[in-house]
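Participant: Here it is, the structure in full.
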Amino acid sequence: MFSIEIRGIVQGVGFRPFIYNLASSSGLRGEVSNNGYGVLILLDCKQERADEFIKNVRDDKPPLCEIDSIRITRIKKTKSFDGFSIEMSEGAKNLSSHIPPDIAMCEECERELHDKSNRRFEYPFITCTNCGPRFSIIRNLPYERKNTSMDEFEMCEKCSQEYKNPHDRRYHAQPIGCHECGPKLSFFDNKGNIIESENIIDKAAELITEGRIVAIKGIGGYHLVCDATNDEAVKLLRERKQRPSKPFGVMVKDIYMSKNIAPINEKEEELLCSNRRPIVLVKKREDNALSKNVAPNINQIGLFLAYTPLHHLILQRLNRPIVATSANISDEPLCKSNDEIMRLRGIWDFCLEHNREIVNSCDDSVAFVECEKTFMLRDARGYAPLYLKLPHKTDKKILALGANQKSSVAITIGESVVLSPYIGDLGSLTSIEHYKSHIETLKRIYEFEPDVVVCDKHPNYESTKYAKELAAQNQNIELLQVQHHYAHILATMGVNGIASKVLGVSFDGTGYGDEGNLWGGEFFVCNLESYERVGHFRYFKLLGGEMAIKEPRRVALSFLFEIYGEEVFNLNNATLNSFSAAEIKTLYTAYKNSLNSPLSSSCGRLFDAVASILGVVQVCSYEGESGLLLESLYDENVLESYLFSIEDGEIDFSQIFRQILDEKNSRIAVSKFFNTIVEIIYEMHKKYDLPLVLGGGVFQNRVLLKLIIRKIPDVILPEMFVSNDGAIAYGQAIAAASEFETL
Ligand code: ZN
Ligand code: ZN
Ligand code: FE
């Protein structure tokens, strides 16, 4: 007899019925149950048949299932079996089991959704074992209906029969329901008046066609939706949301509709159609039908395919793309309840919602494909929670608190790291509350209490303050602070399973450096244990400190002061023209006396300086704007780069900046600037002759990534992961595990 223990995403994904069907169809005897680690199978058979069984499990596993490990051991025969059965292990709490992410509607459900003869015809919440909400509805482990927000809905007789039948494709599908027993839609205007209509979905589609803005409750939160081809509607949404130019995501009915908007390559199509359904950033077609207001001044567009039955039904009626942007106001968290969406009633005209509670909010994920590789800009719906490997063994339970922007948090369970979805920026009281609630959720679900809390070195990060608070409250908690840019490199090393000595290039926005300066253009020789800073951009003064992050012109001005001193007042260029004479005077005094002008080596800020001096943008309306705008100006045909020098590991950017000032054509300047950044990395790579690892927000830039991959094909990148501050919590967890390694 054999005992087979399987770990990974094996609960809530139809794994036990799959095992049951596989075993009984091959005439095997035994049983399957959940145990404390995953799924346990007992098989009463010969070795060869057990081996063959395992091979079939690996080959044919259900689509949502992910196997981490299979351990087979020969055991003494303790009982005999008549056939094969599923043992219900009530109460066997499986805290190391993985929670599956929310998954887009599968093809079979889609067929039923449109099948007039099916009892779930046009049921907006149709799901099965292979699709539907998971993470967003779970309160506690194990993943069973009573531990989800579906517990309020009592199954009707028909649903209950499907749920109990191991041969049914809805066997143990926790969110199962139908017109009779499941969640229901409601539709109202912004005064809270219920809109009576024979068919609510028809009515909502009609209003969207008329140019109205409709809030729609999805899986992990609400979207604000309008007709993406209607200039006026999109403009109105921008005004009401106070979002002047940050690109909106666009949802389409299917892949065919997306191809009218952008030329989609094979890899992008695969990603768009995957059951995780992220927003995919693609190059826009010149002749697309979208309103110019959807993604102004940039050549990319974020597209995603309808992923819930409700979205399908709406888009089927509209037959045109819609703007579907997260329902929140600037720094605030995504709305997930009726109370929260009502607070935004000044933005929407109508709201289409349902009565299935969203327990854990989860934004749309964002990804892009470059050189056949997939990169994430936001890890959330469809991916979260993300399970990552911890390179060290540690007995400590680690809570990693991440950074301050694009924050996410992580906990460690044995050798895995569980990473929360993207939480957002910690810029307001509500967002900090929201952040803490995500931590509480992880603690509750995994019955987790930390021994170690790890955070950034930045004293003003809300996450750092919270870490210190936790450590002060409990003397048994150890506190560890990890340098921001080293954490970026550790994260890339972690996702790639790299433990050797490497050259880490951390090009980023500003982060707190070891001596208190604002780093962000760093070269480290490092491994998982420690780092040595071997290079960086020469410090420049960041006029106004972190306020300069939103104002590229302040960075350019700093370089102008450095190069020209008082002569600056006789010059005429885009940067200077954006200030009044008085402002320049004040800033010059601040510059000379180093008032509120911390030193920085941030590479992200250099992109800002270039964007400002070329007149591309002076004050950003969203993060990363200057990089996106510069990408749009890059010309592949320009192969030259600027002269640069590296002295004792210091790269003097003002030398490069001078050459940009002399350039007549801004496309050429932008292209040579990109090429120069690549040459600098290449130069350092040659010098140290170590595996090259990249991390940090600057590497979200597609042009830069493409150029580096071409120049250094074996470069190690955060593939299938984020390179921005969403990666920090993972890097911190790795650093803490290394610090508290159990030998
Ligand atoms: Zn399905
Ligand atoms: Zn039912
Ligand atoms: Fe960062």
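The values are calculated or read from the model by the stated rules, or taken from the named source; none is laboratory data. If you're wondering where the values come from, they're calculated on a predicted model, not measured in any experiment. A quick note on method: Cβ atoms are made from the backbone with ideal geometry, for glycine too, and the neighbour counts reach across all protein chains shown. Please note that ligands, DNA and RNA were not included when accessible areas were found on the heavy atoms of the full protein model with its side chains. Shrake-Rupley method; radii C 1.70, N 1.55, O 1.52, S 1.80 Å.
Participant: Consider V234 carefully, then state whether it is assigned to a helix (DSSP H, G or I), open to solvent by less than 60 Å² (accessible area, probe 1.4 Å), in contact with a strand residue (DSSP E or B) (Cβ under 9 Å, 6 or more places away or on another chain) and not assigned by TED's automatic domain parsing to the domain that holds C106.
Facilitator: Considered against the rule, which asks whether it is assigned to a helix (DSSP H, G or I), open to solvent by less than 60 Å² (accessible area, probe 1.4 Å), in contact with a strand residue (DSSP E or B) (Cβ under 9 Å, 6 or more places away or on another chain) and not assigned by TED's automatic domain parsing to the domain that holds C106, V234 comes out as yes.
Participant: Take the range 309-351 and flag every residue that is open to solvent by 20 Å² or more (accessible area, probe 1.4 Å) and of a type in the set (V, I, T).
Facilitator: Correct list: I329 only.
Participant: Any chance you could count how many residues in the range 1-33 are open to solvent by less than 10 Å² (accessible area, probe 1.4 Å), at pLDDT 90 or above and under 29 Å from G414 (Cα atoms)?
Facilitator: Matching residues across the range 1-33 total 5.
Participant: Restricting the search to the range 148-173, which residues are under 19 Å from N34 (Cα atoms) and within 15 Å of ligand 1 (Cβ to nearest atom)?
Facilitator: Y163, R170, Y171, H172, A173
Participant: For residues in the range 127-148 being in a loop (DSSP other than H, G, I, E, B) and open to solvent by less than 30 Å² (accessible area, probe 1.4 Å), which is nearest to ligand 3 (Cβ to nearest atom)?
Facilitator: R134
Participant: It is to be established whether one or more residues within the range 135-147 are closer than 23 Å to M105 by Cβ, of a type outside the set (K, R), more than 30 Å from the chain's Cα centre (by Cα) and within 16 Å of ligand 1 (Cβ to nearest atom).
Facilitator: no
Participant: Can you tell which of E532, E567, E583 is on the phi < 0 side of the Ramachandran plot and not in a helix (DSSP H, G or I)?
Facilitator: E532
Participant: Taking the criterion of being over 22 Å from the mean Cα position of the chain (by Cα), over 30 Å from Q161 (Cα atoms) and open to solvent by 10 Å² or more (accessible area, probe 1.4 Å), would at least one residue in the range 244-252 satisfy it?
Facilitator: yes
Participant: Listed residues P718, P691; which is away from ligand 2 (no atom under 16 Å from the Cβ) and not assigned by TED's automatic domain parsing to the domain that holds I660?
Facilitator: So the residue among P718, P691 that is away from ligand 2 (no atom under 16 Å from the Cβ) and not assigned by TED's automatic domain parsing to the domain that holds I660 is P718.
Participant: Same structure again: Yes or no: K77 outside any loop (DSSP other than H, G, I, E, B) and either open to solvent by 30 Å² or more (accessible area, probe 1.4 Å) or within 16 Å of ligand 2 (Cβ to nearest atom) (or both)?
Facilitator: Considered against the rule, which asks whether it is outside any loop (DSSP other than H, G, I, E, B) and either open to solvent by 30 Å² or more (accessible area, probe 1.4 Å) or within 16 Å of ligand 2 (Cβ to nearest atom) (or both), K77 comes out as no.
Participant: Consider S407 against the criteria (1) buried (at least 22 other Cβ atoms within 10 Å of the Cβ); (2) modelled with pLDDT under 95; (3) over 17 Å from L334 (Cα atoms); (4) not acidic (D, E): it satisfies all of them except one. Which criterion is unmet?
Facilitator: Among (1) buried (at least 22 other Cβ atoms within 10 Å of the Cβ); (2) modelled with pLDDT under 95; (3) over 17 Å from L334 (Cα atoms); (4) not acidic (D, E), S407 violates only (3).
Participant: Given the conditions (1) within 30 Å of M342 (Cβ to Cβ); (2) in contact with a strand residue (DSSP E or B) (Cβ under 6 Å, 6 or more places away or on another chain), and given that A104 satisfies all but one, which numbered condition is not satisfied?
Facilitator: (2)
Participant: Continuing with this model, one more query. Filter the range 175-210 for residues that are open to solvent by 10 Å² or more (accessible area, probe 1.4 Å) and either within 16 Å of ligand 2 (Cβ to nearest atom) or under 29 Å from P62 (Cβ atoms) (or both) and give the result.
Facilitator: H179, E180, C181, K184, L185, listed by residue number.
Participant: How many of the residues making up the range 491-509 are assigned to a strand (DSSP E or B) and either touching a Pro at 6+ places or on another chain (Cβ under 6 Å) or open to solvent by less than 20 Å² (accessible area, probe 1.4 Å) (or both)?
Facilitator: So the answer is 7.
Participant: Would you mention how many residues in the range 102-137 are touching a residue at least 24 places away in the same chain (Cβ under 8 Å), of a type in the set (D, E, K, R) and more than 16 Å from ligand 2 (Cβ to nearest atom)?
Facilitator: Residues flagged as touching a residue at least 24 places away in the same chain (Cβ under 8 Å), of a type in the set (D, E, K, R) and more than 16 Å from ligand 2 (Cβ to nearest atom) within the range 102-137 amount to 4.
Participant: Then there's this: Please determine, by comparing only the residues of the range 372-387 that are modelled with pLDDT of 95 or more and assigned to a strand (DSSP E or B), which one is surrounded by the fewest Cβ atoms within 10 Å (Cβ to Cβ).
Facilitator: K373
Participant: Within the range 109-126, is there a residue that is at pLDDT below 95 and either in a loop (DSSP other than H, G, I, E, B) or away from ligand 1 (no atom under 16 Å from the Cβ) (or both)?
Facilitator: no
Participant: Would you confirm, using the coordinates I've provided, whether P296 is open to solvent by 10 Å² or more (accessible area, probe 1.4 Å), assigned to a loop (DSSP other than H, G, I, E, B), free of Cβ contacts under 8 Å to residues at least 60 places away in the same chain and not charged (D, E, K, R)?
Facilitator: yes
Participant: For E623, all conditions in the list (1) open to solvent by less than 40 Å² (accessible area, probe 1.4 Å); (2) part of a loop (DSSP other than H, G, I, E, B) hold save one; what is the number of the exception?
Facilitator: Checking E623 against (1) open to solvent by less than 40 Å² (accessible area, probe 1.4 Å); (2) part of a loop (DSSP other than H, G, I, E, B), the one that fails is (1).
Participant: Can I ask one more? In the range 650-676, what residues are assigned to a helix (DSSP H, G or I) and open to solvent by 10 Å² or more (accessible area, probe 1.4 Å)?
Facilitator: Result: Q655, R658, Q659, L661, D662, S666, R667, I668, K672, N675.
Participant: Taking the condition of being charged (D, E, K, R) and within 15 Å of T129 (Cβ to Cβ), how many residues in the range 143-165 meet it?
Facilitator: Result for the range 143-165: 4.
Participant: Return the residues of the range 196-205 that are in contact with a helix residue (DSSP H, G or I) (Cβ under 8 Å, 6 or more places away or on another chain) and either within 16 Å of ligand 1 (Cβ to nearest atom) or at pLDDT 95 or above (or both); say none if nothing qualifies.
Facilitator: I201, D202, A204, A205
Participant: Could I ask something else about it? If I filter the range 538-553 for residues that are modelled with pLDDT under 95 and β-branched (V, I, T), do I get at least one hit?
Facilitator: Yes, the range 538-553 contains a residue that is modelled with pLDDT under 95 and β-branched (V, I, T).
Participant: Let me ask something else. Of the residues S33, S69, which single one is touching a residue at least 60 places away in the same chain (Cβ under 8 Å), part of a strand (DSSP E or B), on the phi < 0 side of the Ramachandran plot and touching a strand residue (DSSP E or B) at 6+ places or on another chain (Cβ under 9 Å)?
Facilitator: It is S69.
Participant: Under 6 Å between Cβ atoms, at least 6 apart or on separate chains: pull out the pairs that start in the range 555-568 with a residue that is farther than 17 Å from A581 by Cβ and in the same structural domain as F540 (by TED's automatic domain parsing) and end on any residue that is in a helix (DSSP H, G or I) and open to solvent by less than 10 Å² (accessible area, probe 1.4 Å).
Facilitator: V555/A548; V555/D608; V555/A609; F559/A609; F559/S654; F559/F657; E562/S654; I563/S654
Let's see how each residue does on (1) in contact with a helix residue (DSSP H, G or I) (Cβ under 6 Å, 6 or more places away or on another chain); (2) within 16 Å of F375 (Cβ to Cβ); (3) within 16 Å of ligand 1 (Cβ to nearest atom); (4) open to solvent by 20 Å² or more (accessible area, probe 1.4 Å):
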{"site": "V678", "(1), (2), (3), (4)": "yes, no, no, no"}
{"site": "I681", "(1), (2), (3), (4)": "no, no, no, no"}
{"site": "K686", "(1), (2), (3), (4)": "no, no, no, yes"}
{"site": "K706", "(1), (2), (3), (4)": "no, yes, no, yes"}
{"site": "S723", "(1), (2), (3), (4)": "yes, yes, no, no"}
{"site": "A729", "(1), (2), (3), (4)": "no, no, no, no"}
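Participant: Could you list, in sequence order, the residues of the range 490-517 that are within 11 Å of ligand 3 (Cβ to nearest atom) and in contact with an Asp or Glu (Cβ under 9 Å, 6 or more places away or on another chain)?
Facilitator: Result: S506, F507, D508, G509, T510, G511, Y512.
Participant: Sticking with this structure for a sec: Looking at I432, I398, can you tell me which residue is at pLDDT 95 or above and closer than 30 Å to L743 by Cα?
Facilitator: I398
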